[in-house]
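Heads up, the thing below is written out as structure tokens.
The values are calculated or read from the model by the stated rules, or taken from the named source; none is laboratory data. From a predicted model like this one, the values you see are computed outputs, not experimental measurements. Neighbour counts are summed over all protein chains in view; Cβ atoms, including those assigned to glycine, are modelled from backbone coordinates with ideal geometry. Each accessible area value is taken on the protein alone, full model and side chains, heavy atoms only, with ligands, DNA and RNA left out. Shrake-Rupley method; radii C 1.70, N 1.55, O 1.52, S 1.80 Å.
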Amino acid sequence: DQQVKQNSPSLSVQEGRISILNCDYTNSMFDYFLWYKKYPAEGPTFLISISSIKDKNEDGRFTVFLNKSAKHLSLHIVPSQPGDSAVYFCAASALSGAGSYQLTFGKGTKLSVIP
Amino acid sequence: DTGVSQDPRHKITKRGQNVTFRCDPISEHNRLYWYRQTLGQGPEFLTYFQNEAQLEKSRLLSDRFSAERPKGSFSTLEIQRTEQGDSAMYLCAWGEGNEQFFGPGTRLTVL
């Protein structure tokens, strides 16, 4: 049972336009959400996060929106740049009884920004 | 700089051999995590350390896998009697509250 879903395996966007990456989750216990960017043969790089008590968080060109009632979050990148081309992973966490914030990831969306 | 290095970056081994990976946080972080990422999937949680104590293990961590974090600094992940299904990227991350920061990973190929 996949608790975090990224239903679009790929997305192509023109340079300068907005990229919108979507993520859905099923586990109501998740209370923190993160987006990572990953290049081939590298580890994921943290981009931006949001707590479940908020509905929006912004950092430069990146904005994450959270709709708790719909169990849906999205990452907006504007304007998109060719260097943004990578695989983007959505992740969710909840504090476990053992004190860990283990992350549950989606399968990723490959973003291609066309010059 | 993600604050954690991993060694080796690539490992090719034959089925049945044992392999060991190392993770070095650049500065001491209490929380350390191991994940595994296979092709077409997101990273999957393997295990969690708080200082030197291994507090949580995933069901993915079969008895062929063992992880340690002596003295709460670096950590090792050993796989015994490797199988082709163990081929994956093994990622180490340090945690600060809810956020985690990943190392570059070790790519394991089992022939």
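Per the conditions (1) modelled with pLDDT under 95; (2) under 25 Å from A:Y88 (Cα atoms); (3) not in a loop (DSSP other than H, G, I, E, B), the sole criterion not satisfied by B:E56 is (2). Looking across segment A:78-115, the residues that are more than 10 Å from chain B (Cβ to nearest Cβ), in a strand (DSSP E or B) and not hydrophobic (A, V, I, L, M, F, W, C) come down to A:Y88, A:T109, A:K110, A:S112.
Listed by first and then second residue, the pairs with beta-carbon distance under 6 Å, at least 6 apart or on different chains, first residue in segment B:79-94 and in a helix (DSSP H, G or I), second surrounded by fewer than 20 Cβ atoms within 10 Å (Cβ to Cβ) and among the hydrophobic types (A, V, I, L, M, F, W, C), are B:Q84/B:V110; B:D86/B:V110.
Report, by residue number, each residue of segment A:30-47 that is in contact with an Asp or Glu (Cβ under 7 Å, 6 or more places away or on another chain) and buried (at least 19 other Cβ atoms within 10 Å of the Cβ).
Keep residues of segment A:30-47 that are in contact with an Asp or Glu (Cβ under 7 Å, 6 or more places away or on another chain), which gives A:34, A:46.
Hit for segment A:30-47 is A:L34, nothing else.
Between A:L11, A:L21, the distinction of being in contact with a Phe, Trp or Tyr (Cβ under 9 Å, 6 or more places away or on another chain), farther than 20 Å from B:F101 by Cα, open to solvent by 30 Å² or more (accessible area, probe 1.4 Å) and part of a strand (DSSP E or B) belongs to A:L11 only. Within segment A:28-63, if we keep just the residues that are assigned to a strand (DSSP E or B) and away from every other protein chain (no Cβ under 12 Å), the residue that is farthest from A:G83 (Cα to Cα) turns out to be A:K56.
Would a scan of segment B:51-66 turn up a residue that is buried (at least 21 other Cβ atoms within 10 Å of the Cβ) and within 14 Å of chain A (Cβ to nearest Cβ)? Checked segment B:51-66: no residue is buried (at least 21 other Cβ atoms within 10 Å of the Cβ) and within 14 Å of chain A (Cβ to nearest Cβ).
Per-residue answers, yes or no, for (1) over 16 Å from A:G43 (Cβ atoms); (2) crowded, with 16+ Cβ neighbours inside 10 Å:
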position: B:T20; (1), (2): yes, no
position: B:L32; (1), (2): no, yes
position: B:G40; (1), (2): yes, no
position: B:I79; (1), (2): yes, yes
position: B:Q84; (1), (2): yes, no
position: B:Q100; (1), (2): no, yes
